[in-house]
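Below: the structure, in structure tokens.
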Amino acid sequence: MATVSSFEGLPHPSRSELRQFAELFLPLFSASTTEAKREAIAALSQNPHVPSAVAFFIASQPISLSAPFLVSSKALNDETLIAIARTQGGAHARTIVRREDLSPTVIDALVGLRHSRHGMGVTNEDIRTSQSDAARAEREEKLRSQLRTMARQLNRPAGDTLGVRRLTEVQEALLVRFARERDASRFAATLSDSLSTSHWLTERILLDISGRQLATTLVGIGMDMNDAIFILECFYPHMRKLAGDTSRAEAMLESLDTVECEERIESWRRADRYTTNPQSSDSAHSPEPAAVHKLVVRR
């Protein structure tokens, strides 16, 4: 911390001072206690002059240490953020999504990531190091929501299998971010990537002001229930109104059958493939030409 404090006292460090700090910091950090590491990272998160080697080193630490640096540091350029998201896994990528100043380049890279849903959960280390009651309550609510989503998926006809379209954790985080920002264009682009469809289809889904088409899509691709409610209420404010003890958004989501939603999405995708590239569509699975001319994303 003395080394970090000395570095913080340099308003415009020279090249030699940056090099000297980098040479001192790495071995000292490795030899420090976990608490001292957290304090050092928290302090450096607010310093825009952190040397690139130190910035990459800190960003590559376990997420329980690196999170504040990934969210706040101005020393992380686009190239470094993309490299960290690709090499360190889903927890780091989800944390990067929380940055307020994400560039289109980083967003495009995050959208294209294909981290597995099953390898990106909260680790035991994350649980041990989190001491905040608020954080614990948030985790418990997230778990309850995941259990509700799992229950919906398990209540399926015998012999049925899960649909192939599933969100990655990064895609889910981006959809929530763009919904919060009311950025319909980027939301549609991310959803299009998630569904492997044209942007035209996802724009049509969003244009259904009842919200039912988007609700169908979110259920069909396995979106977390709380996140799905949040997204619907962001884009369709009328769905915030309560119907009894629940909002209209939650009531609509609860009324949808997962299997039927997956089947509806697949029918939209087949029609979308036919209209965007008729030559590559399998005629056995394509809608009749007459139907294509009347194509509407059905409710």
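Each reported figure results from applying straightforward, stated rules to the coordinates on display, with no laboratory input. Model, not experiment: these values are computed from the prediction. Positions of Cβ are generated from backbone atoms using ideal geometry, with glycine treated the same way; all protein chains shown enter the neighbour counts.
Positive contributions from Lys and Arg (+1) and negative ones from Asp and Glu (-1), summed over other residues with Cβ under 11 Å from the Cβ of A53, come out at 0. Round to the nearest 0.05 the FRET efficiency obtained for S255 and Q20 when R0 = 51 Å and r is the Cβ-Cβ distance. That pair, S255 with Q20, gives E of 0.20. Between the stretch 51-95 and the stretch 175-254, the alpha-carbon centres lie 29 Å apart.
Legend: ranking of residues S45, S6, S60 from fewest to most surrounding C-beta atoms inside 10 Å; resulting order S6, S60, S45. Phi angles of the stretch 65-70 translate, via the Karplus equation with coefficients 6.51, -1.76, 1.60 and θ = phi - 60°, into HN-Hα couplings of 9, 7, 3, x, 6, 5 Hz per residue; Gly and Pro are given as x. Using θ = phi - 60° in the Karplus curve 6.51 cos²θ - 1.76 cosθ + 1.60, the 3J(HN,Hα) couplings for the stretch 8-19 round to 4, x, 9, x, 9, x, 7, 4, 5, 5, 5, 5 Hz; x is entered for Gly and Pro.
Going from the residue with the fewest nearby Cβ atoms within 10 Å to the one with the most, I209, I84 rank I209, I84. Computed about the Cα centre, the dipole magnitude for the stretch 161-264 is approximately 340 debye when only Lys and Arg (+1) and Asp and Glu (-1) carry charge, each at its Cβ.
Think of the stretch 2-111 as having a plus end and a minus end, set by charges on the Cβ of Lys, Arg, Asp and Glu; of L65, P11, P104, L65 sits farthest toward the positive end of this dipole.
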